[in-house]
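What follows is a short report on a single structure.
The values are calculated or read from the model by the stated rules, or taken from the named source; none is laboratory data. Here the structure is a predicted model, which is why all the values come from computation and not from measurement. Every residue, glycine as well, gets a Cβ built from its backbone with ideal geometry; the counts of neighbours run over all protein chains shown. All accessible areas refer to the heavy atoms of the entire protein, side chains included, with ligands and DNA or RNA removed. Shrake-Rupley method; radii C 1.70, N 1.55, O 1.52, S 1.80 Å.
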Amino acid sequence: NDPSSSAQSSHPPAAMAPVPATRNGAVGAGVRQWLDRNKDLVERADNVLAPQINNPKSFGEHASMSLCDEIFGIVKKSVSSDGQVSESSSVLLLGEASSGKTHAVEYCIAKMKEVNPSVAVLRAHGRYYASDVECVRHLAQQVAGQMASAPRCNSSFEQGMDWLRLVLVESFQHASAAVIVLDRFEHFCSRARQTLLYNLFDIAQDLGVCLSIIGMSEKLDVMGMLEKRIKSRFSMRHLHAFRPANMEELIKVMMIKVRLPADAEFKAPFVKEFHQHVESALRLRSTQWHEHLEAGQPPLWFLWKCLPIKALLHDLATAGQARASGPGLTPAPAAKRARMGAAISPTDGVKNRLLLESLAEADLIVLLALFRLQDRNISPTLARALYEVQMLHESGGFVSGFVQDRYCAAFDRLDQMKLIRIAGPGSGDTAKRYLPCGNMVSCMATFVQDLERTIPTLSWSPLRTLPQPVQNWAARQRH
């Protein structure tokens, strides 16, 4: 063997010699020819991926399998079907929005059902219940269905717990284990719901059913909200989920979302080449994304910029050819994308939803503040929007402190994403605060009207993810 060739192969990619411009052009031409040959297949792949990307319950291989293994190892102690004596367990998964908590939990539940098909799975989302009795009713109805004997919403919490015990006695006769998933765990820390957590373990012990509770929360200090008697009984293992910290992790997450499903009826050679080209296109985009990744943008923010996939692959082919004469990415012009069919792609609706899902809490609050001003026929400015948000914090029941810089940064992000418009350039930040601006999210009125309804009519709304005081503030926006 040639020692020099071995030494070269051990260098990391960054240390290798630059690819010659002629080779870049050849690569770009190769992708272009592949796109021309597979035009219809790529378009069909876009149509297949659109519902998969848009479905929040579409869970596949998780980007952080080590996290899944830890969750599964803890919960498996309670759902084992090998006849051994099991024990109740609990795990609390902490992490900011879009860090993969729900994905990891759902992936593990699917694996647990393979281990023990008889395991009963109950779910509760803390912010969806107007009362503690509603929470109890929802848990019971998941194992027993709709029942006429259910307590009324104005029944006492004790009556609800007695009824839940009777329901679980009947329903768990054929289950050896139960898993309860509590999303937005901080909402279960009210006094009555802490009693609910405490009693769940008692009920499971009385029934001889091993219980595993999985809590999820964005508040890292949520355990500090529990009473001492609950902490002693409800000793949870704490795990943390994180957003991608570097470009490799981000690309890994995004490839999971854009990977063609096995039942999509594409031939294996096309699937392999499709995935290779998509990953190459993502790596090409990564040079532009470092700043946004460091700023904390979630994966969905990057994903919506890559749709439709046809246009993403076109950019890869164009950039490969353009680098033959110089560096840089040359995206497809809007007119050419229209000729490609990208402008009328069914993924446009998916892109809009992904963009709105990627917004942080502060971003949505700023959009609502601008909407409130527009709805009252007041010319919106950043200064007036900041005052609206300040009133939400001081007199609207939103207990977190008002930090002006946080909302100014959100305003800048919305401007970059073109979700707001600013009338004209200003001479510095001071002038920018007083320039006329507006909310460009056309469906914001529909989202707000849905909040005003007792029973939601929309299958999804970004405003439903906000804390209840903010939802109340948004729903009461007409003065």
Once the Cβ-Cβ distance between Arg237 and His292 is put in as r, and R0 is 30 Å, what FRET efficiency do you end up with, to the nearest 0.05?
-> 0.35
Surrounding net charge for Asp363, when Lys and Arg each add one and Asp and Glu each subtract one, Cβ distance under 12 Å | -2
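Using a Förster radius of 56 Å, what is the FRET efficiency between Gln449 and Ser66 based on their Cβ-Cβ separation? Nearest 0.05, please. Don't jump to the answer; show the numbers that get you there.
Numbers: r = 43 Å, r/R0 = 0.78.
Step by step, r from the Cβ atoms, then E = 0.80.
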Here the gain from full extension of Asp263 to Ala383, 0.36 nm per residue of separation minus their alpha-carbon distance, amounts to 37.9 nm
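What number comes out for the charge environment of Met247, summing +1 per Lys or Arg and -1 per Asp or Glu over other residues with Cβ under 15 Å away?
Values: positive: Arg243, Lys252, Arg283, Arg285, Lys305; negative: Glu248, Glu249, Glu279, Glu291, Glu294.
Local net charge: 0.
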Counting only heavy atoms of protein chains, what accessible area per residue, in Å², does the range 245-294 have with a probe of 1.4 Å?
-> 59 Å²
What accessible area, in Å² to the nearest ten, does a 1.4 Å probe give for His292?
-> 50 Å²
Inter-label distance, nm, simple model (7 Å from Cα along the C-beta direction), Gln416/Ser459 = 3.2 nm
Is there a pair in Lys77/Lys219; Lys310/Lys418; Lys228/Lys257; Lys101/Lys231; Lys111/Lys252 whose C-alpha atoms are over 30 Å apart, and which pairs would that be?
-> Lys228/Lys257
For the range 247-303, run through the GluC sites (Glu not before Pro) and keep only the ones in DSSP coil with at most 15 other Cβ atoms within 10 Å of their Cβ.
-> Glu265
Around Thr457, with a cut-off of 13 angstrom between Cβ atoms, what is the net charge of the other residues, counting Lys and Arg +1 and Asp and Glu -1?
-> 0
